[in-house]
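K.L.:
Pasting a structure here, questions to come.
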Amino acid sequence: NAGVTQTPKFQVLKTGQSMTLQCAQDMNHEYMSWYRQDPGMGLRLIHYSVGAGITDQGEVPNGYNVSRSTTEDFPLRLLSAAPSQTSVYFCASRPGQGTPNQPQHFGDGTRLSIL
Amino acid sequence: AQSVTQLGSHVSVSEGALVLLRCNYSSSVPPYLFWYVQYPNQGLQLLLKYTSAATLVKGINGFEAEFKKSETSFHLTKPSAHMSDAAEYFCAVRISGGYQKVTFGTGTKLQVIP
């Protein structure tokens, strides 16, 4: 009963490096999202997907890319890491269209530090 | 556009005392409202949700919330705080249509004093 799995749990990068944060869900959910959590700011939406092959930008998309080739996986790519991207990143999923009353299921997060 | 305001970034209560965490929302259409809890180094877990079936919603761990349309509020309460309730709590709102984006409040950290 894995739910939403994020890897890695911790990562330290140098400015300018690139990396991919992995997210996988085993609940056959259509909708998946990436958030960043910063102190005092709640969760802010980076990118989201409403199904395989369909992605769109959230509130704070700059510096990040996503793709959704399968229902299960939704990786987040940092193109050229900057110290402002130091944050905790959460992946979430939920059932798709027509289910507005269904909550999101969250992974345990990836704690990312950019030096 | 919808928005959520959580009053008080930090709340302290004594063990056994009433817990009251405040959430006010803004939405032009009837909203779906959620409370999530986050324990240290973990993701968010659903505490309860309002979906218009009943204004008083009961959740896990003895928490409940009351939807008050006239006050645009969805405050979270628990009659008697337990040490294990220490965590951060987030209120969230979603409206119908399109992707049905969820907007989160900035969170309230609950400290329980023995």
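The values are calculated or read from the model by the stated rules, or taken from the named source; none is laboratory data. What you see is a predicted model, and the numbers here were worked out from it, not measured in a lab. So basically every Cβ, Gly included, is an ideal-geometry build from the backbone, and we count neighbours across all protein chains shown. To get the accessible areas, we keep the full protein, side chains included, count just its heavy atoms, and leave off ligands, DNA and RNA. Shrake-Rupley method; radii C 1.70, N 1.55, O 1.52, S 1.80 Å.
K.L.:
What is the sum of charges around A:Ala2, taking Lys and Arg as +1, Asp and Glu as -1, for the other residues whose C-beta is under 15 Å from the C-beta of A:Ala2? Spell out each step's value before the answer.
P.N.:
Numbers: positive: A:Lys9; negative: A:Asp26, A:Glu72, A:Asp73, A:Asp108.
Net local charge, A:Ala2 excluded: -3.
K.L.:
Same structure again: Given the protein chains as shown and a 1.4 Å probe, how many square angstrom of B:Glu15 are accessible, to the nearest 10?
P.N.:
Roughly 90 Å² of B:Glu15 is accessible to a 1.4 Å probe.
K.L.:
Can you give the Rg to Rh ratio of the protein assembly as shown, both from alpha-carbon atoms, with Rh computed by the Kirkwood formula?
P.N.:
On the Cα set of the protein assembly as shown, Rg over Rh gives 0.97.
K.L.:
Moving on. Over chain A, average the accessible area per residue using a 1.4 Å probe and give it in Å², no decimals. If you can, show how the numbers build up before the last one.
P.N.:
Numbers: 5210 Å² over 115 residues.
So chain A comes to 45 Å² accessible per residue, rounded to a whole number.
K.L.:
Moving on. How would you classify the stretch A:46-115 from its alpha-carbon gyration tensor, with a ≥ b ≥ c the square roots of the eigenvalues: rounded for a/c under 1.5, else prolate if a/b is greater than b/c, otherwise oblate?
P.N.:
Cα axes put the stretch A:46-115 in the prolate bin.
K.L.:
Within the stretch A:40-115, what whole-number % of the accessible surface is contributed by carbon and sulfur, with the 1.4 Å probe and all protein chains included in the calculation?
P.N.:
Roughly 48 percent of what the probe reaches on the stretch A:40-115 is carbon or sulfur.
K.L.:
Would you please calculate the Kirkwood hydrodynamic radius of the stretch A:1-96 over all C-alpha pairs and express it in Å, rounded to one decimal?
P.N.:
Working: mean 1/r = 0.0739 Å⁻¹.
Mean inverse Cα-Cα distance, inverted, gives 13.5 Å.
K.L.:
Next question, about the same structure. Please compute the average number of Cβ atoms from other chains found within 10 Å of each residue's Cβ in peptide B:87-95. Numbers along the way, then the final one.
P.N.:
Details: counts 0, 2, 0, 3, 1, 4, 0, 6, 1.
Rounded to a whole number, the mean comes out at 2.
K.L.:
Threshold 50 Å², probe 1.4 Å: give the residues of the stretch B:44-59, in number order, that are less accessible with all protein chains present than with their chain alone.
P.N.:
Output list: B:Leu44.
K.L.:
Ok, one more. If r is the Cβ-Cβ distance from A:Ser67 to B:His82 and R0 is 41 Å, what FRET efficiency results, to the nearest 0.05? Can you show the working numbers first?
P.N.:
Working: r = 43 Å, r/R0 = 1.06.
Plugging the Cβ-Cβ distance into 1/(1 + (r/R0)^6) gives 0.40.
K.L.:
Over chain B, calculate the relative contact order: mean separation of alpha carbon pairs under 8 Å at least 6 apart, over the residue count, as a percent. The partial results should precede the final answer.
P.N.:
Details: 285 pairs, mean separation 42.6, N = 114.
RCO, chain B: 37 percent.
K.L.:
Express in whole angstrom the spacing between the alpha-carbon centres of the stretch A:34-86 and the stretch B:19-53.
P.N.:
Rounded to whole Å, the Cα centres lie 22 Å apart.
K.L.:
Which of rounded, prolate, oblate describes the stretch B:32-108, given a ≥ b ≥ c as roots of the alpha-carbon gyration tensor eigenvalues and a/c under 1.5 marking rounded, otherwise prolate only if a/b is larger than b/c? The partial results should precede the final answer.
P.N.:
On the way: a/c = 2.12, a/b = 1.28, b/c = 1.65.
Note, shape of the stretch B:32-108 comes out oblate.
K.L.:
Need one value: the accessible area of A:Met27 in square angstrom, 1.4 angstrom probe, rounded to the nearest 10.
P.N.:
Here the accessible area works out near 60 Å².
K.L.:
Give the average, rounded to an integer, of partner chain Cβ atoms located within 10 angstrom of each Cβ in A:25-36.
P.N.:
Details: counts 0, 0, 0, 0, 0, 0, 2, 0, 3, 0, 4, 0.
If you average over the peptide's residues, the count of other-chain Cβ atoms is 1.
K.L.:
Could you sort out which of B:Lys68/B:Lys101; B:Lys78/B:Lys109; B:Lys69/B:Lys109; B:Lys49/B:Lys69; B:Lys49/B:Lys78 sit more than 20 Å apart by Cα distance in this structure? The partial results should precede the final answer.
P.N.:
Working: B:Lys68/B:Lys101 22 Å; B:Lys78/B:Lys109 15 Å; B:Lys69/B:Lys109 25 Å; B:Lys49/B:Lys69 15 Å; B:Lys49/B:Lys78 15 Å.
Exceeds cut-off: B:Lys68/B:Lys101; B:Lys69/B:Lys109.
K.L.:
Compute the signed sum of charges (Lys and Arg +1, Asp and Glu -1) over the other residues within less than 13 Å, Cβ to Cβ, of B:Tyr32. Present the calculation step by step, with values, prior to reporting the outcome.
P.N.:
Numbers: positive: A:Arg94, B:Lys49, B:Arg94, B:Lys101; negative: none.
Neighbour charge sum, excluding B:Tyr32 itself: +4.
K.L.:
Taking both sides together, what accessible area is buried at the B/A interface, probe 1.4 Å, expressed in Å² and rounded to the nearest 100? If you can, show how the numbers build up before the last one.
P.N.:
Details: alone 6320 and 6160 Å², together 10530 Å².
That pair of chains buries around 2000 Å² in total.
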